[in-house]
């Protein structure tokens, strides 16, 4: 039995090695393994990040930092010192203050103009509003209020109507009892156009106490709660002007009348009071 000498002897200078052992890379340095490990790390980090995000920790930390910064800004002068309000006539001061949710000295950066705008526009008299933060310490509120136009009588109750034909949701109407009373379905929608037309003859317009919408097509106008003027569906303004001319020339409305019918072109039908002279002409039934 022969034993091989495993002790290597260095090759002579200039001589080529007859046999070279191949180099072997460690398993962990091979590209597929590196890629797999990298994916595992990324997945692990992503999974941990998602878990942290899901827990709300990041959001809570960011929110805490944000509010600490806002609270600190108040000490640097960024706090509410003045609230300027334009256009407030009917809007109640306390209701406006409650809707704004503002207090003097509060951090102005904590004030949310968008949410405040939504709340203020919910107040009865507010048509629209713009709210601005003017740093460092001013909040500017510009209000456009609704303009009361008439009272709408429906089912025995009254509601205040604005110039857009919408109801102003208030309960105390005593101070508006001099406004024209509207009667009839759909009357508020056409009220602005009607009152603008009546205003073409100011002396007559001042005597109007009520207007009744008939069949959704035309108006009966009540003067001084005494005389009913039936306007036509078409050319109502011309008929109204004709009545003004008759009043100026003949004092028509000073007579003992209860009705003036202007629905027939070029003709005026008068209806006298039952206590007046005989021979009165009756008007047609409203249609």
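The values are calculated or read from the model by the stated rules, or taken from the named source; none is laboratory data. In this text, all values refer to a predicted model and were calculated from it rather than measured experimentally. Note: ideal-geometry Cβ built from the backbone for every residue, glycine included; neighbour counts use all protein chains shown.
Of the strands (runs of 3 or more DSSP E) entirely within the stretch 115-233, those holding at least 2 residues that are over 28 Å from residue 83 (Cβ atoms) occupy 148-154, 157-162, 181-183, 208-214, 218-223, 227-230. Do we have residue 102 as at pLDDT 55 or above, over 19 Å from the mean Cα position of the chain (by Cα) and not in a helix (DSSP H, G or I) here? Yes; evaluated as a whole, the condition is true for this residue.
Pick from the stretch 96-117 the residues that are in contact with a helix residue (DSSP H, G or I) (Cβ under 9 Å, 6 or more places away or on another chain) and under 30 Å from residue 149 (Cα atoms): which of them is surrounded by the fewest Cβ atoms within 10 Å (Cβ to Cβ)? Per the stated criteria, the residue is 98. On inspection, residue 200 qualifies as within 25 Å of residue 163 (Cβ to Cβ) and surrounded by 12 or more Cβ atoms within 10 Å (Cβ to Cβ). Note on the stretch 133-170: residues that are more than 30 Å from residue 195 (Cα to Cα) and either over 20 Å from the mean Cα position of the chain (by Cα) or at pLDDT below 95 (or both) total 7. Each residue in the stretch 194-226 was checked for being closer than 19 Å to residue 155 by Cβ and in contact with a helix residue (DSSP H, G or I) (Cβ under 7 Å, 6 or more places away or on another chain), and 2 pass.
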